[in-house]
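K.L.:
A single structure is presented below for examination.
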Amino acid sequence: ENTTPRDVDDVFQIQLHDKGFPFLAVASTLDKLQETKSRLSSIEILSDLFLAILLKSQEDLLPAVFLCTNRIAAPWEAVELGVGGSLISKAIMEVTSVSKETMRSLYKQYGDLGDVAQHCCSRLQKLFYSSKDGLTVQQVYQCLKKMAQTTGTKSVSRKKDIIKSLLVTSRCPEARYIVRILSQNMRVGAVEKTVIAALARAFILLDAIRCSKEEGWTSREQIQRYSTERKEEIKLLVERMNRAFSECGDWKKIITFLAEDPHAWEQLNEYCKLQPGCPLKPQLGKITKSVEEMIQDIGTDSDICCEWKYDGQRCQVHILGNGSVQLFSRNLEDMTSKYPDVVTNFSRIPGVVDAILDAEIVAVDPSNHQMYLPFQLLSTRARKDVELDQITVQVRVIVFDLMFFNGTCLIEHSLRQRRQLLEQHFQSTHVSLPETLISSNASEVEEWLNQAVSNGCEGLMCKALDGPNSVYYPSKRSQGWSKIKKDYVEGISDTLDLVPIAAWWGNGRKAGWLSPFLLACYYDGEFQSVCKVMSGFSDEEYRSLTEFYLQDKTLSEKPTYYKVDDSLRPALWLQPCQVWEIRGAELTLSPIHQAAIGFADSQRGISLRFPRFLRIRHDKS
Ligand code: ATP
């Protein structure tokens, strides 16, 4: 392979070695993506890579897509790498003989473990380059899968050995991306939307190349011409792929279908569609600041279904034709083993062969199942392998939508029709529909909102019952679902999702625990400080958060992509690995905090007054 390190300027010129498509091309593509801010050129760069793979080694496309999107499998397959920053650092040090002190100062310089790995490995890479066969996409992917399957005694050192084997064989800039994939922090904008657009372009171009019946490789000029000629088809396939991805979220199914016959792209949605066992991306609610605004948004041509907005955990219930039941989180992770009691509630319902339901699981008082308890209590349940006879937190399931029923996809039916089926088939001792008022009278809805809040709910979810807004829109914050919370009407419009990035040590009662935490918002690759939070935590939460971060989630230096004023000197910098939901009284301009400088004010950032911790959003990545 006549490439010198970093010399993969044209993915179409890549020569395959026997084992498959070189990972070097993926790494170089990710490097190029990092250098561009334009979405259109990101799509083109990525699409060229996918097309080159399709032309030369089709079976490598799926692993390449997984690697570019920093995944090893679909979210519901529960494949976790289980490696932390310290294990990766040890592997780098052992492979390159770099000392701990040097690692520390390199980290200070780069602020990214991937860049540190690349720096440390580059000497090896130069020395051994000519004798190396190089990594393939399949090798890297299989190593990651092997790592995820490695459990039991000595699993830590076995995982370290796998990382070392990858680093030793790496060429520039492969080490950077091996480490970024391992630490689940790609820092490159290969987001789902870009990947879908890039894949659509690659498949249509593949079809164009095949239709042209030209032998061998076509030129870049031709590629450019085809992409202009087939612009409309590419646009249509993007729409179809978005839909397919929202309904079945399965790269494997979509890619296999298109790779087999790219010419059949128009049939994609007939093949990749909603099906029990494969979760769809849930519809979301649009923020509304007042009841009047909500009524205006939904429109007066439909009845409005005002449901209580329960404070629990979202759950997609799948009843499969074989009688089994699977439960998925908002993030599409399989949580069947967390709720064996819920599974029982949906097993063998007369008249139900298969179904997909949208629901909220809420903690209830064991002596009164109509009395709802806060989410905090529900979150004390173990996250998996819960035994029926060990359940301490009792729950009730509020079913609010039905997307599939007895072989028929219902997402394009009206909410009124879907609710009728829910009422007929899904009400039992522990399952019910939400408390509902059907009205478009502002003062009635206002009163209903007060009742919802006084019964422990967050507010209302108001939905169009009929008409085009009443269909179920997977993955969208659509006009047909408006959320109204009491706080919206009274003050700041919503809770914020922020990321803890640093912490100090607590005093007095909180000595030994981390408190306060410094919170940041995420924007354009940066974590920008917003506020410190020190209220809303229970003692147990302080204890477990302190243990969680101290175990292996601290950083030796402040990364360059943390935007924090120098006057703030926290005791510890934390890895950005959790999303917290934070309530506050008011947004203010701050001379210290860095969030959104240049938007509301040229010098000052945006901060939050009286922040309070509400919960960890395990369902947000
Ligand atoms: P955000 O997405 O802004 O963080 P959120 O998690 O509250 O906020 P929303 O889209 O605002 O999500 O609201 C929808 C959520 O409300 C659902 O994910 C579900 O968990 C919850 N919910 C509770 N009751 C209902 C209901 N009756 N209908 C729909 N969703 C409900």
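The values are calculated or read from the model by the stated rules, or taken from the named source; none is laboratory data. What you are looking at is a predicted structure, and each value in this text was computed from that prediction instead of being measured. With ideal geometry, Cβ positions are generated from the backbone for all residues, glycine too; neighbour counts draw on all protein chains shown. When the accessible area is computed, the model is the full protein with side chains, heavy atoms only, and any ligands, DNA or RNA have been set aside. Shrake-Rupley method; radii C 1.70, N 1.55, O 1.52, S 1.80 Å.
K.L.:
Has segment 597-610 got any residue that is touching a residue at least 60 places away in the same chain (Cβ under 8 Å) and within 16 Å of the ligand (Cβ to nearest atom)?
P.N.:
Looking for residues that are touching a residue at least 60 places away in the same chain (Cβ under 8 Å) and within 16 Å of the ligand (Cβ to nearest atom), one finds at least one in segment 597-610, hence yes.
K.L.:
It is to be established whether one or more residues within segment 276-287 are closer than 23 Å to ASP60 by Cα and either hydroxyl-bearing (Ser, Thr, Tyr) or away from the ligand (no atom under 16 Å from the Cβ) (or both). I'd like the intermediate steps shown before the answer.
P.N.:
First pass over segment 276-287, keeping only residues closer than 23 Å to ASP60 by Cα: none.
Scanning segment 276-287, I find no residue that is closer than 23 Å to ASP60 by Cα and either hydroxyl-bearing (Ser, Thr, Tyr) or away from the ligand (no atom under 16 Å from the Cβ) (or both), so the answer is no.
K.L.:
Could you pull out the residue among LEU545, LEU550 that is open to solvent by 40 Å² or more (accessible area, probe 1.4 Å) and touching a strand residue (DSSP E or B) at 6+ places or on another chain (Cβ under 9 Å)? Let's see the steps before the verdict.
P.N.:
On the way: LEU545 fails: open to solvent by 40 Å² or more (accessible area, probe 1.4 Å).
LEU550 is the lone residue from the list that is open to solvent by 40 Å² or more (accessible area, probe 1.4 Å) and touching a strand residue (DSSP E or B) at 6+ places or on another chain (Cβ under 9 Å).
K.L.:
Could you please let me know if ASP385 is among the acidic types (Asp, Glu), on the phi > 0 side of the Ramachandran plot and either outside any strand (DSSP E or B) or at pLDDT below 90 (or both)?
P.N.:
Yes.
K.L.:
Among the candidates ALA117, ALA73, single out the residue that is in a helix (DSSP H, G or I), surrounded by 15 or more Cβ atoms within 10 Å (Cβ to Cβ) and of a type in the set (Gly, Ala, Ser).
P.N.:
Values: ALA73 fails: in a helix (DSSP H, G or I).
None of the other options fit; the residue is ALA117.
K.L.:
Does segment 359-369 include one or more residues that are within 15 Å of PRO276 (Cβ to Cβ) and either touching a Cys at 6+ places or on another chain (Cβ under 7 Å) or away from the ligand (no atom under 14 Å from the Cβ) (or both)? Before the answer, list the steps.
P.N.:
Our first condition is that a residue be within 15 Å of PRO276 (Cβ to Cβ); within segment 359-369, this holds for 359.
Checking which are either touching a Cys at 6+ places or on another chain (Cβ under 7 Å) or away from the ligand (no atom under 14 Å from the Cβ) (or both) leaves us with 359.
The answer is yes, given that some residue of segment 359-369 is within 15 Å of PRO276 (Cβ to Cβ) and either touching a Cys at 6+ places or on another chain (Cβ under 7 Å) or away from the ligand (no atom under 14 Å from the Cβ) (or both).
K.L.:
Can I ask one more? Out of the strands (runs of 3 or more DSSP E) lying entirely within segment 392-473, which hold 2 or more residues that are within 28 Å of the chain's Cα centre (by Cα)? Give the steps one after another, and end with the answer.
P.N.:
On the way: elements: 395-405, 436-438, 459-464.
It comes to 395-405, 459-464.
Per-residue answers, yes or no, for (1) open to solvent by less than 50 Å² (accessible area, probe 1.4 Å); (2) within 13 Å of the ligand (Cβ to nearest atom); (3) of a type in the set (Lys, Arg):
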site: GLY459; (1), (2), (3): yes, yes, no
site: ASN469; (1), (2), (3): yes, no, no
site: LYS476; (1), (2), (3): no, yes, yes
site: LEU496; (1), (2), (3): yes, yes, no
site: ALA503; (1), (2), (3): yes, no, no
site: ASN507; (1), (2), (3): no, no, no
site: SER515; (1), (2), (3): yes, no, no
site: SER529; (1), (2), (3): yes, no, no
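K.L.:
How about segment 291-321: which of its residues are of a type outside the set (Asp, Glu) and either more than 16 Å from the ligand (Cβ to nearest atom) or free of Cβ contacts under 8 Å to residues at least 24 places away in the same chain (or both)?
P.N.:
VAL291, ILE295, GLN296, GLY299, THR300, SER302, HIS318, ILE319, LEU320, GLY321
K.L.:
When both residues are 6+ apart or on different chains and their Cβ atoms are under 6 Å apart, which pairs have a first residue that lies in segment 444-456 and is at negative phi, and a second that is surrounded by 15 or more Cβ atoms within 10 Å (Cβ to Cβ) and in a helix (DSSP H, G or I)?
P.N.:
Listed by first residue and then by second, the contacts come to VAL445/VAL291; GLU446/VAL291; VAL453/LYS486.
K.L.:
Among the residues of segment 322-352, what is the count of those that are under 25 Å from ARG617 (Cβ atoms) and without any contact (Cβ under 8 Å) to a residue 12 or more places away in the chain?
P.N.:
Residues meeting the conditions: 1.
K.L.:
Let me ask you something else. Tell me, please, whether a residue that is open to solvent by 30 Å² or more (accessible area, probe 1.4 Å), farther than 23 Å from SER475 by Cα and hydroxyl-bearing (Ser, Thr, Tyr) can be found in segment 312-325.
P.N.:
Step one: of segment 312-325, the residues open to solvent by 30 Å² or more (accessible area, probe 1.4 Å) are 313-314, 320-324.
Subset that is farther than 23 Å from SER475 by Cα: 321-324.
Right, trim to hydroxyl-bearing (Ser, Thr, Tyr) and you get 324.
Among the residues of segment 312-325, at least one is open to solvent by 30 Å² or more (accessible area, probe 1.4 Å), farther than 23 Å from SER475 by Cα and hydroxyl-bearing (Ser, Thr, Tyr), which makes the answer yes.
K.L.:
Which of the residues belonging to segment 242-268 are touching a helix residue (DSSP H, G or I) at 6+ places or on another chain (Cβ under 9 Å), closer than 15 Å to TYR473 by Cα and surrounded by fewer than 21 Cβ atoms within 10 Å (Cβ to Cβ)?
P.N.:
Once the filter is applied, which keeps residues that are touching a helix residue (DSSP H, G or I) at 6+ places or on another chain (Cβ under 9 Å), closer than 15 Å to TYR473 by Cα and surrounded by fewer than 21 Cβ atoms within 10 Å (Cβ to Cβ), segment 242-268 yields ASN242, ARG243.
K.L.:
Please verify whether ALA355 is aliphatic (A, V, I, L, M) and within 16 Å of the ligand (Cβ to nearest atom), treating the condition exactly as stated.
P.N.:
On the way: aliphatic (A, V, I, L, M): yes; within 16 Å of the ligand (Cβ to nearest atom): no.
It is false that ALA355 is aliphatic (A, V, I, L, M) and within 16 Å of the ligand (Cβ to nearest atom).
K.L.:
Hey, does segment 559-572 have a residue that's part of a strand (DSSP E or B), farther than 22 Å from ILE88 by Cα and within 27 Å of the chain's Cα centre (by Cα)? Before you say what the answer is, go through the steps one by one.
P.N.:
Quick first cut of segment 559-572, residues part of a strand (DSSP E or B) only: 562-563, 572.
Then drop every residue that is not farther than 22 Å from ILE88 by Cα, which leaves 563.
Now drop any that are not within 27 Å of the chain's Cα centre (by Cα), which leaves 563.
Yes: segment 559-572 contains one or more residues that are part of a strand (DSSP E or B), farther than 22 Å from ILE88 by Cα and within 27 Å of the chain's Cα centre (by Cα).
K.L.:
Which of the residues spanning segment 284-296 are more than 12 Å from MET461 (Cα to Cα) and within 28 Å of the chain's Cα centre (by Cα)?
P.N.:
LYS289 - this is the single residue of segment 284-296 that is more than 12 Å from MET461 (Cα to Cα) and within 28 Å of the chain's Cα centre (by Cα).
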